[in-house]
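> Encoded as structure tokens, here's the structure I'll be asking about.
The values are calculated or read from the model by the stated rules, or taken from the named source; none is laboratory data. Small disclaimer: the values here were computed from a predicted structure and weren't measured. Here the Cβ positions follow ideal geometry from the backbone for every residue, glycine too, while neighbour counts run over all protein chains shown. Quick note on the areas: whole protein, heavy atoms, side chains included, nothing else; ligands and nucleic acids left out. Shrake-Rupley method; radii C 1.70, N 1.55, O 1.52, S 1.80 Å.
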Amino acid sequence: MPNNTATTIAPAQGRSDFFSNALAAIVAIGVLIWAWRLSGGVGEPLALSVLLGAAFGVLLQRSRFCFFCVTRDFLEGRDARGLLGIIAALAMGTLGYHLIFGLFVPDAAAGRLPPDAHIGPVSWVLAVAAFAFGVGMSLSGSCISAHLYRLGEGATESIAALAGVLVGFALGFATWNTLYLAAIDRAPVLWLPAMTGYGGSVLIQLGILGGLALLLMRWHRPAAPAAPAAPAAPPGLRACLFGQRWPTYVGGLLIGALAIMAYLRVAPLGVTAEIGSIARTTGAGFSLLPERLQGLDGFSGCATAVKDTLLSENGAFIIALVLGSFASALAAGDFRPQPVTLASTTGKLAGGILMGWGAMTALGCTVGTLLSGIMAAAVSGWVFAFFCMLGLWLTWLLKNRR
Amino acid sequence: MIVANAIRGAVALAALALFTGLTQASTDALVSTDWLANNLDREDVRVIEVSVNPGQFERGHIPGAVNLRWHTDLVDTVSRDIIARDDFQALLRDAGISDDTEVILYGDTNNWFAAWGAWIFDIYGVDNVRLLDGGREKWEAEGRELGIRPASYAQGDVTVDAADYSIRAFLPEVVEVASSDEPAAQLVDIRSAAEYEGRIIAPDGVNELSVRAGHIPGAVNVGWGNAVNEDGTFKSADELGALYAEAGVDGSEPVITYCRIGERSSHTWFALSKILGYDVKNYDGSWTEYGNSVGVPVTNLAGTVWGGQ
């Protein structure tokens, strides 16, 4: 069970390796210089994207914030701590987003949606897309964001999954017009504050999250207590930061805070807009995709425009995410390049294709639609979460029945 | 002698006052960023942002500004018409605008949509409206203060007039001008040369298109960007006068401006009518209406046919 190291305090081999630490420092300094060089004039959002992306990479890597892994931990061992970390992120984000929404849209009932927030149409297409994404997660062993941070840990097989995502996105574009006319164009875009006001929306969201947390804590089966050890000296700062994985709830709270900052200054967190842009631009270049994708550019979400700049804000965010994870993994001794096998590559590619199609059709993935969507009190976020988890669970059941 | 000198002096003073007045009048349409920064606290000044990019206002705006959304506030979203009189009046009153309020408009993308807003204010006879010279870009480039809190004002009591369409051109009038040997107005096409010549129908990445490429017969091509300096501020009245005179537009005849959907052309409408004082109409149907109309005369220098092929 790779990467199932949520609480393991295992000094990795070569952690004190001077070379790894020096390389981590060089990468970190490089990211800072990159951001500094981008910070002049109109490049400010790009510079912020770099810094936020790097921070996101570090947080994902240190707290093992992987939607699939934490769900699998729960399914296999009744370890609910990881899922509680995701709930912590959603609760923190809900509070922060609602605070900002009050500035952006003072009257939530007026029929306007907060700018750029990932609030999408709710239809059976969303349910199918989310389900496919969940199946893809299960097959490939991670969601898209986790594949990106794993790339920083040396998981070369993630390249196959991400390549599959590109193919899946292209398939998503190819089927978009049909699905749009079948359901999406008439689907309601449901935003809780428009129905219940900000107070009601916060209460509903925190109520659901609290209820889920209570259920998870009830089902949680605590790990066997470790053998009593002699009292040790309290760990130093470095050991706290890089000696062990952070509890997922710590990562969750920090990711919630990061999501608030990102929404306020750049855009909601999302990891597929750039991937989608590359797929759309490449597909359009080879005349493989419809020239017009009906209504797509009118929706908020990880919307994917044809590339007109080499480095978009989301592109900078993604590159910095991988670099942040890489530096963090180096410093923690978690960087372990993995050999590639044909069997695992095939599974990751297939899972990636399903995830790409699902993410394109649902206008985002577990980060863009589930995390940012639920924080924004979008009904589409909750629907995505439900069907994504259903797909993941059913696939897990089938895989474990063999 | 003394009397003669006094008369001469009085004449000189009057001439100076008249000249100063004219100079003042020529810049009455604009305020500088310095002026706005110094007058932001005045209760009788209301700053209005009209931007096209969603989220632009929300993520930071001139403190105290009110947001009028071009996509939904100032237009009828279905019929492609301008906002109705009663709705416009209610919108302004909600923004705390009264008859004696001085309105300053600004926005993104070089004030295109703010200028369009100024055109709407003019159609409904609201006076005391000026444009922030250089718009959002200049305000930001100078590192001036931005706020994120929405402003809230007591209800204003402004009364707006019925729509005055003497500054709005409609398709039949434009077709008549295009078809006439002695046209009643000069047409100014402010799009790019490639669009004007019919080599392309529209710039890359835009959704609103027409079937045919080219321009309205008789139109001269003066791109909107020629009217501004590098920092986005309008060129001086003298420079603007010379620029358009070079294209044969000197204010001696009525003018009609157009672009693709009617927003950039309101920027040129503003320069010609508010800074130069010419008699100008904005054709808001513009090329997306004209280029899709059946049987209207079109000049296509590139000789392209359907779809620009």
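> Can you give me the orientation-averaged projected area of the convex hull built on the Cα atoms of the stretch A:188-314, in nm²?
Seen from a random direction, the Cα hull of the stretch A:188-314 projects 14.4 nm² on average.
> Under 18 Å from the Cα of A:Lys348, which aspartates and glutamates turn up, not counting those fewer than eight places away in the same chain?
Partners found: A:Glu153, A:Glu157.
> Given a 1.4 angstrom probe, I'd like the percentage of the accessible area of the stretch B:71-179 that is carbon and sulfur, rounded to a whole number.
Heavy-atom surface of the stretch B:71-179 belonging to carbon and sulfur, 1.4 Å probe: 47 percent.
> Related question: What translational D, rounded to a whole number of µm²/s, comes out for the stretch A:21-76 from Stokes-Einstein when the hydrodynamic radius is the Kirkwood one over Cα pairs, at 20 °C and 1.002 mPa s? Provide the component values of the computation, followed by the final result.
On the way: Rh = 13.1 Å.
Rounded, D is 164 µm²/s.
> Something else: Put a dot 7 Å past each Cα toward the Cβ at B:Ser179 and A:Thr175; how far apart are the dots in nm?
That separation, rounded to one decimal, is 5.2 nm.
> Using a 1.4 Å probe on protein heavy atoms, which residues of the stretch A:256-272 have at least 20 Å² less accessible area in the complex than alone?
A:Leu264
> Ok, one more. I need the semi-axes of the equivalent ellipsoid of the stretch A:124-236: take the C-alpha gyration tensor, multiply each eigenvalue by 5, square-root it, list largest first in whole angstrom.
Square roots of five times the eigenvalues give 37, 28, 13 Å.
> In whole percent, how big is the carbon plus sulfur part of the accessible area of the stretch A:248-342, probe 1.4 Å, protein atoms only?
Roughly 66 percent, rounded to a whole number.
> While we're here: Percent of alpha carbon pairs in chain A separated by more than 31 Å?
Cα-Cα pairs of chain A separated by over 31 Å account for 35 percent.
> Counting only DSSP beta bridges with both residues in the protein assembly as shown, tell me the antiparallel percent, nearest 5.
25 percent
> Residues of the stretch B:49-70 losing 40 Å² or more of accessible surface, assembly versus chain alone, probe 1.4 Å, please list them.
Output list: B:Glu58, B:Arg59, B:Arg69.
> Equivalent ellipsoid semi-axes for the stretch B:97-152, as square roots of 5 times the alpha carbon gyration tensor eigenvalues: give them largest first, rounded to whole Å. Intermediate values should be presented prior to the final figure.
Values: eigenvalues 93, 44, 17 Å².
Gyration-tensor ellipsoid for the stretch B:97-152: 22, 15, 9 Å.
> Send over a whole-number figure in Å² for the accessible area per residue of the stretch B:198-302, probe 1.4 Å. Each step should come with its number before you reach the end.
Numbers: 4170 Å² over 105 residues.
Each residue of the stretch B:198-302 exposes 40 Å² on average to a 1.4 Å probe.
> Please determine, in degrees from 0 to 90 and to the nearest 10, the orientation of helix A:18-38 with respect to the longest principal axis defined by the Cα atoms of chain A, where the helix direction is its Cα long axis.
With both axes taken from Cα atoms, the answer is about 30 degrees.
> Output the 0 to 90 degree angle, nearest 10, between the alpha-carbon long axis of helix A:342-361 and the longest principal axis computed from the alpha carbons of chain A.
Once rounded, the angle reads 40 degrees.
> Any cysteines in chain A with zero other Cys Cβ atoms under 4.7 Å from their Cβ? List them, or say none.
A:Cys143, A:Cys240, A:Cys302, A:Cys365, A:Cys388
> Hey, another quick one. Can you list the residues, at least 5 places off or on another chain, whose amide H is less than 5 Å from the amide H of B:Val228, using H built in the peptide plane?
Those qualifying (amide H under 5 Å, at least 5 residues apart or on another chain) are B:Lys235.
> Scale the Cα Rg of chain B by the rule-of-thumb value 2.2 N^0.38 Å and send over the ratio, two decimals.
Relative to the rule-of-thumb radius for its length, chain B sits at 1.07.
> Compute the convex hull volume of the Cα atoms of the stretch B:212-309, divide it by the residue count, and report the result per residue in Å³ as a whole number. Show your work: numbers first, answer last.
Numbers: hull volume 10.9 nm³, N = 98.
For the stretch B:212-309, the hull spanned by Cα atoms encloses 111 Å³ per residue.
> Just tell me how shielded A:98-107 is by partners: mean number of partner chain Cβ atoms within 10 Å of each residue's Cβ, no decimals. Before the final figure, lay out the partial values.
On the way: counts 0, 0, 3, 1, 2, 6, 7, 2, 4, 1.
The shielding value for this peptide is 3.
> Starting from the Cα coordinates of the stretch A:348-395, work out the convex hull volume and express it per residue in Å³. Don't jump to the answer; show the numbers that get you there.
Numbers: hull volume 3.0 nm³, N = 48.
Per-residue hull volume (Cα only) is 63 Å³.
> Using the membrane-span-like helix rule (whole DSSP H runs, Cα extent along the own axis of at least 20 Å, mean Kyte-Doolittle hydropathy at least 1.0), which helices of chain B qualify? Could the numbers behind the result be given before it?
Details: long enough: B:2-27 (37 Å, 1.33).
TM-like helix candidates: B:2-27.
> Note down the magnitude of the dipole of chain A about its Cα centre, charges +1 on Lys and Arg C-beta and -1 on Asp and Glu C-beta and zero elsewhere, to the nearest 20 debye.
Value, rounded to 20: 900 debye.
> What nm value, rounded to one decimal, do you get for the distance between A:Trp393 and B:Phe170 when each label is placed 7 Å out toward the C-beta?
6.2 nm
> Show me, for the stretch A:112-118, the HN-Hα J-couplings you get by feeding each phi into the Karplus relation (A = 6.51, B = -1.76, C = 1.60, θ = phi - 60°), rounded to Hz, glycine and proline as x.
Rounded to whole hertz, the list is 9, 9, x, x, 6, 5, 7.
> Computed on protein heavy atoms with a 1.4 Å probe, what is the summed buried accessible area for the chain pair B and A, in Å² to the nearest 100?
That pair hides around 1000 Å² of surface in total.
> What would the Debye formula give as log10 I(q)/I(0) at q = 0.07, 0.10, 0.11 Å⁻¹ for the alpha-carbon point model of the protein assembly as shown, no solvent?
-0.58, -1.04, -1.18
> How many Å² of accessible area per residue for the stretch A:267-341, probe 1.4 Å?
With the other protein chains kept in place, the stretch A:267-341 gives 45 Å² per residue.
> Placing +1 on the Cβ of each Lys and Arg and -1 on the Cβ of each Asp and Glu in the protein assembly as shown, which of A:Ala129, A:Gln244, B:Tyr290 has its Cα farthest towards the positive end of the resulting dipole?
A:Gln244
> For the protein assembly as shown, give the magnitude of the charge dipole about the Cα centre (Cβ charges: +1 Lys/Arg, -1 Asp/Glu; no others), in debye to the nearest 20.
Charge dipole of the protein assembly as shown: 4700 debye, to the nearest 20.
> Here's another thing I want to ask about it. Can you pull the percent of Cα pairs in the stretch A:277-330 with separation above 17 Å?
51 percent
> Sticking with this structure for a sec: Whose amide H sits under 5 Å from the amide H of B:Arg168, counting only residues 5 or more places off or on another chain, with H placed in the peptide plane?
When sequence neighbours closer than 5 places are left aside, the close amide H contacts are B:Asn282.
> Next question. Counting only C-alpha contacts under 8 Å and six or more residues apart, can you give the relative contact order of the stretch B:90-249 as a whole percent?
Details: 190 pairs, mean separation 35.1, N = 160.
Worked out over the stretch B:90-249, it gives 22 percent.
> On to the next question. On C-alpha positions alone, give me the angle between the axis of helix A:379-401 and the longest principal axis of chain A, in degrees, nearest 10.
50 degrees
> Would you grab the residues whose amide H sits under 5 Å from the one on B:Leu105? Only those 5+ places off in sequence or on another chain, please, with H modelled 1.01 Å from N.
B:Ile48, B:Arg130, B:Leu131, B:Leu132
> Please compute the volume of the convex hull spanned by the alpha-carbon atoms of the stretch A:322-402 and report it per residue in Å³.
142 Å³
> Over the stretch B:104-259, what number does the Rg to Rh ratio reach, with both radii from the alpha-carbon atoms and Rh per Kirkwood?
1.00
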